Amino acid sequence: MLFQSNAEEVRMYMDSVQNLQRLMEHLSAGGTNAAQLVRAQRLMKMSMARLQNEFHKILLSNSEPIDPDRDSQFSSICSSSDRTYEFDTVPLDAMADLRNIAQRMAKSGYTRECVRVFTLTRKSVVEESLYNLGVEKVRLNDVRKMEWTVLDDKIKKWIYAAKISIRILFAREKRLCVDVFGGLDKMRDSCFVEISKEPAERLLAFAEAVAVTSRAPERMFRVLDLYEALTDLRPHIEHTFSQEACFSVHEQAKRNLVQLSEAARGILMEFEKAVQKEKSKVPIAGGSIHPLTRYVMNYLSFLSDYRETLVSIITHAPGELPKVLPDNEITDSPAPLSVHLGWTVFTLLCKIDKKSDLYKDVALSYLFLMNNVHYIVQKVNGSELKYILGDGWVRKQWNKVRECAVKYERAAWMKVLSCVTDEEVPPNGGFLKEKLKEFNSAMEEMKRRHGEWVIPDVSLREKLRVSITEKLIPSYGSFLSRIRSRFESDMYIKYTPEDVQDFVLDVFKGRPLSVD
């Protein structure tokens, strides 16, 4: 190859081509020596063919496609969102040769040939890079028919591929066009548009297909991931595809963001409707946490991680807001997102309240309410929901938990406590024996009733046990003192204070208790 020879030989050849060009201009202007002009044109064609071939080989030898399996640097690049990376793919000396050839071919009237070989070579690099990244042409019907697990995986891969494509691949192609065709603006822009426009549009078409398909609640998080990724990439898209001919790429990215935001709002509305329509009527064993409570609060907890994105999406197009919340359920903020999520939680609380009526045992219904409201508040406190709904809302719900606990204690333990705290009746022997029998019977009933009742949260379980113990054990100990003051033997006493305390410490674990 000529450009593998020494610099002097290259200079002499390029000077010869320049002199030939001048001769052709002179011969054309003179209008004579037609045979010499034909010969000069044939020589120029030969020289351009050689330069075109050398241009292709230099470009090809420096055209390595992107392969994320081979290049570990891409993982760290994708973790940052504030930079466009422009890797130098061609060494400086080779770049100088490419620029030299491009300039000479353009001045000699061989612009089309130079552009053609450049675009064909680099477009194949772009296509192979996209293939390595897993980017493929998709049709809307194909996306609609995909199983969610398959589509979910494709979305995750697409986000990774989009970051590399926009911030590295296409940015690199633009940089290469600028370096090779410096001063040749039309050639520069023509090459970049031909190489990158259609692949970029094909890349963005996937996000559009996802946005206009199913609005099932489980798709929300991937839709938001796509929205965030495109939002981060949009400035890079506008910078890289700045040519007027690439305006459609800008518009497609903008349209995708609108479609994804509409999809997110639609999914949120579908989720709210799903909570409202839930009608299961099977009481949960032991008064534990209802699956609806777990599902809704886990969903909202994950959703709150996208708080800033959701605020942007809903604020710009809030749509129809839910009905006004009751005074005791009002969130701290009137912002659309707070109202939306506050209404969903309020709907859940209403559902849980209705489901508590499924329990025949009033005490168990209060235990169920306490467990579920406590779970809701914990999920809010442990996530971004706390900042969406506000501290005031959280305090109101904690008060509900305490109220449910008090009501549970009264409904479940009042009969037991009444047997040992009646101070109005004179403590004669017969009366005390009768009260002791009632206490023993009430304790056996408590064992049967509480056998499978459960408080899943350890902290809440211990607090309730302490509260019950503090009320029951001192009263029962005082009652036993009165018994012993009347009877010399403990033959009538079935349970010691320690037995009662052990029983209280053993409840709420959701397992049967032995009844002696």
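In table form, for the structure just shown:
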quantity: Listed residues LEU176, MET297, ALA207: farthest to the positive end of the dipole of the chain (Cβ charges); calculated: ALA207
quantity: Length-normalised contact order for the chain - Cα pairs under 8 Å, 6+ apart - percent; calculated: 11
quantity: Percent breakdown of C-alpha pair distances by 10 Å bin, ordered from the shortest bin, for segment 2-268; calculated: 6, 26, 27, 18, 12, 7, 3, 1, 0
quantity: Charge dipole (segment 2-268, unit charges on Cβ, about Cα centre) - positive-most of ALA106, ALA94, SER165; calculated: ALA106
quantity: Mean ellipticity per residue at 222 nm, deg cm²/dmol - from DSSP H runs of n ≥ 4 across the chain, formula -39500 (n - 2.57); calculated: -24500 deg cm²/dmol
quantity: Point-charge dipole on Cβ atoms (K/R +1, D/E -1) for the chain, about Cα centre, debye to 20; calculated: 980
quantity: Flagged links, alpha-carbon separation over 24 Å, of LYS354/LYS379; LYS154/LYS279; LYS354/LYS400; calculated: LYS154/LYS279
quantity: Residue (of ILE483, GLY266, SER356) at the positive-pole extreme of the chain, dipole from beta-carbon charges; calculated: GLY266
quantity: Segment ALA35-SER478, length gained on full extension (0.36 nm per residue, minus Cα span); calculated: 146.3 nm
quantity: Dipole magnitude of segment 2-268 about its Cα centre (Cβ charges: Lys, Arg +1; Asp, Glu -1), debye to nearest 20; calculated: 720
quantity: HN-Hα J in Hz across segment 343-352 - Karplus 6.51, -1.76, 1.60, θ = phi - 60°, x for Gly and Pro; calculated: 5, 5, 5, 4, 4, 4, 4, 5, 4, 5
quantity: In sequence order, calculated HN-Hα J values of segment 161-174 (Karplus, 6.51, -1.76, 1.60; Hz; x Gly/Pro); calculated: 5, 5, 4, 5, 5, 6, 8, 10, 4, 5, 5, 5, 5, 5
quantity: Under 25 Å from the Cα of LYS447 - lysines, other chains or at least 8 residues apart; calculated: LYS355, LYS360, LYS407, LYS415, LYS433, LYS435, LYS437, LYS463, LYS471, LYS494, LYS509
quantity: Residue list for segment 205-230, given a label point 7 angstrom along the Cα-to-Cβ vector of LYS137 and an amide N cut-off under 15 Å; calculated: 205-206
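None of the figures in this text is laboratory data; all of them are computed from the coordinates on show. Because the structure is a prediction, the values reported are computed rather than measured. Counting neighbours? That spans all protein chains shown, and the Cβs are built from the backbone with ideal geometry, glycine included.
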